[in-house]
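Right, one structure below, let's go through it.
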Protein chains: 2
Amino acid sequence: MKKSPLQKARAAYKPKLPVVLTGAVKAVEGKPTQSVANQEEIHQLFPNTYGLPELKFEKNANPTAGKPVNVGVILSGGQAPGGHNVICGLFDGIKKIHRDSRLFGFLMGPGGLVDHKYIELTSAIIDEYRNTGGFDIIGSGRTKLEEKEQFDKGLEICKELGITALVIIGGDDSNTNAAVLAEYYKSIGAGIQVIGCPKTIDGDLKNECIETSFGFDTATKVYSEVIGNIQRDCNSAKKYWHFIKLMGRSASHIALECALQTQPNICIISEEVEAKDMTLDDVVNSIADVVAARANYGNNFGTVLVPEGLIEFIPAIKRLIAELNNILAENKEATAGFDADELEKFISSHLSEENAATLRSLPANVARQLMLDRDPHGNVQVSLIETEKLLSEMVGKRLQTLAAEGKFTGKYSALHHFFGYEGRCADPSNFDADYCYALGFNAACLINAGVTGYMSSIRNLVKPSVQWIAGGIPITMMMNIERRNGADKPVIQKALVRLDGAPFLKFAAQRDDWAMNTCYIYPGPIQYFGPTEVCDQPSLTLRYEHQGK
Amino acid sequence: MKKSPLQKARAAYKPKLPVVLTGAVKAVEGKPTQSVANQEEIHQLFPNTYGLPELKFEKNANPTAGKPVNVGVILSGGQAPGGHNVICGLFDGIKKIHRDSRLFGFLMGPGGLVDHKYIELTSAIIDEYRNTGGFDIIGSGRTKLEEKEQFDKGLEICKELGITALVIIGGDDSNTNAAVLAEYYKSIGAGIQVIGCPKTIDGDLKNECIETSFGFDTATKVYSEVIGNIQRDCNSAKKYWHFIKLMGRSASHIALECALQTQPNICIISEEVEAKDMTLDDVVNSIADVVAARANYGNNFGTVLVPEGLIEFIPAIKRLIAELNNILAENKEATAGFDADELEKFISSHLSEENAATLRSLPANVARQLMLDRDPHGNVQVSLIETEKLLSEMVGKRLQTLAAEGKFTGKYSALHHFFGYEGRCADPSNFDADYCYALGFNAACLINAGVTGYMSSIRNLVKPSVQWIAGGIPITMMMNIERRNGADKPVIQKALVRLDGAPFLKFAAQRDDWAMNTCYIYPGPIQYFGPTEVCDQPSLTLRYEHQGK
């Protein structure tokens, strides 16, 4: 592997561990826990792992000698910066327990456990990946661990390799599955601990005990870098409106954080659109109003941040999609041989009047996409809709109307961007490098403490990393019952943007100013070697949430 | 202006001047120069500014006291990182000549000179913009200075403000216009010097005397950062082919530099496509062959870099577009009221057999775009074609054919990216910060030397900046006669990628390896504060060109 100069220099970085983890630790138990909702149902589903106490690590003056432990690690789902450092921290952690401990990496996600595909992660391999982005050390995948058969196949290979603990690095769904796996292995006395680590650039896996998921910090800094660059271009040329879509379908944390970092003219927050029951036209008109108002001052340029999941948050469209999916599911056979035109006709004649009206309000190509593009399960493929182009096109039409009414006299020309893959595998920021390393090292401590069904928890994150607090949180504590694919399931509650939360309130208090006045901030690229105020700041979301407490 | 921590820290950076410019200088004349071609015609067109000698600055042990000078500065054309530092260097340079010197910035490009829109750039303003990206200090624009009337309007405001020198920061066309303006002002004895500075991220303004244009270094580093991140994602998920289009219509320097930095599986170089008289199908098939070959080893993923201008370099399409433009120009009235279908029919019936065949070989939507989308001059809008999607779609079709023949058994799923605006206004790298500051400071020295029609020249750029050589090059020296919009014109010769040049040869020698083996390099973000091997390296293009000499 030929390395860039930065990779070489960065390999020497030593992540700063919380001071408590630098020596021997003991796990101190807090009070027994409850799930965030549906306590009885969750308890019934997790009889062996429900209600466990929170754990906090403290210095241990009289440690006992550790024994070698064989651990398996899995990267699950979409990439997030810092995943390699979780594995490096885990490796160093189990080696500290005993130098004969061994780490096995299952390949290409949870499927590797089921299919018995793995490599042993030696120190030679680990050292190649310290402080790097990507999940390429063992690859990732989206196989869901949900079936007993998968669990039993996993158990086989664990027995074969002498593995007594699995660490699953993933988002909310993967950690839900980790909890189910932990419960199952405990119920059959398999002797295999399962520990989760909170990963996702989307930032929607967080709660009272998990302050942030790893990768969010780095990814939003990369997006903010390029958004800032585009804004500087926008403010130099003064002739384009840039519509910038940002990854994150389930929540708008990424868009909100980037807005706080860069102060664009407009940022749409899906959760607000939903809460206010806004239609797509409402969203479009609100953008067009800002375009028109800026044009009054000769400013025919601006930036609009759009969360990827917007369409699915608009209540009217959500209802339309739900009915579309129902119609298609219920009439699978009747519509089997239909061509596009026949299918459109069929759908139109079966839609309720309200949803038909919503469909008619959409541009023709988007309406067609909703009706015709299906995923393998027959569902509408919302992710294929280029929301940023949809919005800019509809804004253009709206401006024509305003112009005809004499309410818009400016020029309007739009450019489009989508940022997602640019940030998921970036080299981790100092924050993520430290946080991930600590999460992995801490997972080793949880293994050593003999627990299962816990998520590695590092807290106090707005403080310098040496002051961070280390411990473990029972995964069941974060769960509630939700309806998924027509069935009630225990799942980790997703953290959406809270409209009463400090980050959103900060944004809401300033956005009118940002809209009319050009208040762009240019964050620039992530720095690793400079002054601490440049290199070591956690996300503004984290900082404001902390201040808001 | 609220500033990011990096902006604040970066404001303190002191660009490193070539040591010769740190004290008083004298201009040492070299031999008289010749234009690169068409010497007689160029001489006739530039009787007052042709054949001037190259200038080199040397230390001056006996300087005479300088007099205050009023200077106007113009940013022309597309943004490039470092433009602000050219202005800062110019400001410091004329202040060093005499502290009562004044700098005026014409607003929003050359149009500001003609329309008398300007601000005085005081030290308070200048200090806000040191080492920052963007052209927002005075804005930029694309008005072309070509008409005597414009020159005379410019002269008016210069007289009014006591301006005796103009510095035009621009690409090849803007510097061509600077040469014409210099000649005109000299011919009428206006007493106004004109100095050019070589700007363009495209890297196509360079020659024996100008080693690189500013902005190329930073922009390609930003693109390489995000390409590297995407490659790491690609190599982690192992399931997508990423087609990445890069800005640069006239030459493929950006794509080539990014390929050298990141080692993608495939990089198309337009100049090679043209030289080999490749068709679009040839390009598509060459990509499909790599996709199929990688699939044989289970690698259903990869990256393809595509220069923005590819389509216009494909000889067959170039001929098609030329005939389309001719047909439309010659039949403007006959086709005036036509709707899309009528126009398509008309065009098809008028095309030569060869070009009609080329048109038929294109996907329907692209063929329609070529026939129907027109710019205000009636020309085909090639820039609207999403080349990255066109290629990936055609590759997909080709793979279906290969699959039917049993020659492709893999999976193929494509994602698309276009990077351009992300890099044009980035904070300049140390290289560009130093280079631009030196270009501007050196422009002040050229003004002090009393010359006109020169381009600011800083050479020896692969050495540390203190060792750089400073001087001036007569702009006419870079000119030849080219056919533009149906007329012969004196223009600066564009520097295309040389297929016998060291950067291309380095790429060509390795690309088969990169195609089959996954050799990605991950450059990471531009660093400003770290070790010199990370922070202070010029582009690989520059380094290889230097080694190749």
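Structure data summary
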| read-out | value |
| --- | --- |
| Positive-end residue of A:VAL284, B:SER348, B:SER76, charge dipole of the protein assembly as shown with Cβ unit charges | B:SER76 |
| Spin-label proximity, A:ILE125 to segment A:436-457 - amide N less than 12 Å from point 7 Å beyond Cα toward beta carbon | none |
| Residues in segment B:207-238 that, when all protein chains are in place, have 10 Å² or more less accessible area than the chain alone would give (probe 1.4 Å) | B:VAL222, B:GLU225, B:VAL226, B:ASN229, B:ILE230, B:ARG232, B:ASP233, B:ASN235, B:SER236, B:ALA237, B:LYS238 |
| Peptide B:528-538, shielding by other chains (average Cβ, 10 Å cutoff) | 4 |
| Largest to smallest accessible area among A:LEU161, B:LEU390 [probe 1.4 Å] | A:LEU161, B:LEU390 |
| Farthest toward positive dipole pole in the protein assembly as shown [+1 Lys/Arg, -1 Asp/Glu at C-beta], among B:VAL497, B:LEU55, A:SER361 | B:LEU55 |
| Around A:ARG232: net Lys/Arg minus Asp/Glu count, Cβ-Cβ under 10 Å | -2 |
| Between helix A:172-187 and chain A: long-axis angle, C-alpha atoms, 0 to 90°, nearest 10 | 30 degrees |
| Largest to smallest accessible area among B:VAL19, A:VAL366 [probe 1.4 Å] | B:VAL19, A:VAL366 |
| Occluded residues from segment B:90-138, i.e. those whose accessible area drops by 30 Å² or more once the chain is not alone (1.4 Å probe) | B:MET108, B:ASP136 |
| Residue among B:LEU246, B:ALA124, B:PHE431 farthest towards the positive dipole end of chain B, charges placed on Cβ | B:ALA124 |
| Residues whose placed amide H lies under 5 Å from that of A:ASN131, excluding near-sequence neighbours | A:ASN85 |
| Crossing angle, helix A:315-330 versus chain A [Cα axis fit, 0-90 degrees, rounded to tens] | 80 degrees |
| Accessible area buried between chains A and B, both sides summed, probe 1.4 Å, in Å² to nearest 100 | 4600 Å² |
| Those residues of segment B:3-42 for which accessible area with every protein chain present is at least 10 Å² below the isolated value (1.4 Å probe) | B:SER4, B:PRO5, B:LEU6, B:GLN7, B:ALA9 |
| Lys, Arg +1 and Asp, Glu -1 on Cβ, resulting dipole of the protein assembly as shown about Cα centre, debye, nearest 20 | 3360 debye |
| Accessible area of segment B:77-231 belonging to carbon and sulfur atoms, whole % at 1.4 Å probe | 49 percent |
| Span from the segment A:1-75 Cα centroid across to the segment B:14-76 one, whole angstrom | 66 Å |
| Estimated dipole of chain B in Debye, rounded to 20 [Cβ of Lys and Arg +1, of Asp and Glu -1, Cα centre] | 1820 debye |
| Exposure ranking of B:LYS67, B:LYS494 by accessible area [1.4 Å probe, largest first] | B:LYS67, B:LYS494 |
| Cα-based shape type of segment A:220-312, given that a ≥ b ≥ c are square roots of the gyration tensor eigenvalues and the cut on a/c is 1.5 | oblate |
| Whole-number accessible area per residue in Å² for chain A, which is evaluated in the context of all protein chains at 1.4 Å | 38 Å² |
| Net charge contributed by nearby residues that have their C-beta within less than 15 Å of B:ALA487 (K/R +1, D/E -1) | -2 |
| Greater than 25 Å apart at Cα, pairs in B:LYS239/B:LYS506; B:LYS148/B:LYS332; B:LYS318/B:LYS489; B:LYS186/B:LYS549; A:LYS199/A:LYS221; A:LYS3/B:LYS16 | B:LYS239/B:LYS506; B:LYS148/B:LYS332; B:LYS186/B:LYS549; A:LYS3/B:LYS16 |
| Surrounding net charge for A:THR22, when Lys and Arg each add one and Asp and Glu each subtract one, Cβ distance under 14 Å | +1 |
| Proximal lysines relative to B:LYS389, as straight alpha-carbon distance under 17 Å, when same-chain residues fewer than 8 apart are discounted | A:LYS389, B:LYS245, B:LYS397 |
| Gyration tensor (alpha-carbon) shape descriptor, segment B:23-148, a/c threshold 1.5 | oblate |
| Separation between Cα centres of segment A:131-159 and segment B:351-368, rounded to whole Å | 49 Å |
| Estimated FRET transfer efficiency (B:VAL19, B:LEU161; beta-carbon r; R0 35 Å; 0.05) | 0.55 |
| Nearest-0.05 FRET efficiency for A:GLU58 and A:ASP100, computed from C-beta distance (R0 22 Å) | 0.25 |
| Spatially proximal aspartates and glutamates relative to B:LYS26 (Cα-Cα < 12 Å; intrachain offsets below 8 disregarded) | B:GLU58 |
| Degrees between helix A:253-262 axis and first principal axis of chain A (Cα, 0 to 90, nearest 10) | 70 degrees |
| Accessible-area value, B:VAL290, 1.4 Å probe, nucleic acids and ligands omitted, Å² | 30 Å² |
| Surface accessible to a 1.4 Å probe, B:ARG511 within the full protein complex, Å² | 60 Å² |
| Mean-position separation - Cα centroids, segment A:461-539 and segment B:512-549, in angstrom | 34 Å |
| Nitroxide proxy distance, nm - points 7 Å out along Cα→Cβ at A:ASP115 and A:GLN510 | 4.7 nm |
| Exposure of B:LYS56 as accessible area (Å², to 10), given a probe of 1.4 Å and all protein chains | 100 Å² |
| Shielding score for A:426-436, defined as the mean number of other chain Cβ atoms within 10 Å | 2 |
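The values are calculated or read from the model by the stated rules, or taken from the named source; none is laboratory data. Predicted model only: the values in this text are computed from it and were never measured. Backbone-built Cβ (ideal geometry, glycine too); neighbour counts: all protein chains shown. To get the accessible areas, we keep the full protein, side chains included, count just its heavy atoms, and leave off ligands, DNA and RNA. Shrake-Rupley method; radii C 1.70, N 1.55, O 1.52, S 1.80 Å.
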